[in-house]
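So the structure is just underneath, and the comments pick up after that.
The values are calculated or read from the model by the stated rules, or taken from the named source; none is laboratory data. What you see is a predicted model, and the numbers here were worked out from it, not measured in a lab. All Cβ positions, even for glycine, are placed from backbone atoms using ideal geometry, and neighbour counts span all protein chains on display.
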């Protein structure tokens with residue numbers, strides 16, 4: 001389950017999109033709007049925005065996408081339940097909304113349209129909404145036993161248009177290349193083979209690196225925009241980790257080789273330096289008896305002045 005959040009100004013545009021018959025749309029939930037027609041829904045949304053005319057972007061639009069593997073278990077009832085839980089956790093409460101289900105793609109997905117001006121005229125906060133949304137999506141995916149897709153790896157890249165197509169090409173290349181490199185020079189050389197160039201962003205006039213960009217096909221992307229794991233700091237950490245692991249492995253291989261050489265040498269000598277381990281055990285009582293019965297040396301007689 002993943003969410004895409006958009007904020008806008010036109011309820012007419014988004015309602016017409018969500019309820020487009022060409023997408024085989026089903027309106028599966030609604031609250032606070034008149035459902036007589038599309039126009040009545042749009043007018044209901046617009047009327048409530050007048051409670052707070054200072055807010056320019058009053059339209060909230062969220063698409064919730066699910067894995068195709070969950071298609072059989074995602075009934076309309078289940079999707080409405082998940083949508084309501086998602087909105088509640090996101091703080092989208094006490095306001096108008098509609099939920100439409102589309103059938104124009106392989107994977108199940110729904111669209112939520114809500115009024116950012118709630119029923120009391122207050123603005124529904126969008127602070128850190130994308131970060132909060134990502135966390136909530138993971139929680140709900142686990143709670144409802146949904147399939148955990150492996151992020152960008154399941155995206156059908158052949159369907160993408162530019163610049164997303166190039167963005168995912170860079171992602172795939174970095175995913176395969178970064179784990180194999182020990183330093184930035186190696187990584188730069190490998191990426192150039194795939195027509196990808198690196199440029200670093202520095203803090204002011206210092207040598208401190210604060211970011212990284214990747215360029216291909218004329219498109220430039222910040223590392224963190226391609227994926228969070230490809231920010232400068234995380235790539236740098238991974239490269240250093242790769243270098244440490246390789247050094248440890250090299251040292252281990254060297255030790256094993258030396259041990260093997262030593263074992264072969266000892267074996268070739270035919271046990272020449274074997275130390276016998278058998279012998280008479282030490283008995284303390286017997287030792288004491290021998291000390292007591294040992295004859296004493298006789299003093300030599302002589303003359304003394």
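Here are some notes:
- First in the range 10-35 and in the same structural domain as residue 49 (by TED's automatic domain parsing) and touching a residue at least 12 places away in the same chain (Cβ under 8 Å), second anywhere and surrounded by fewer than 16 Cβ atoms within 10 Å (Cβ to Cβ) and assigned to a strand (DSSP E or B), Cβ under 7 Å, 6 or more apart: 14/8; 19/27
- Taken over the range 16-37, the criterion of being part of a helix (DSSP H, G or I) and exposed (fewer than 15 other Cβ atoms within 10 Å of the Cβ) is satisfied by 16, 21, 22.
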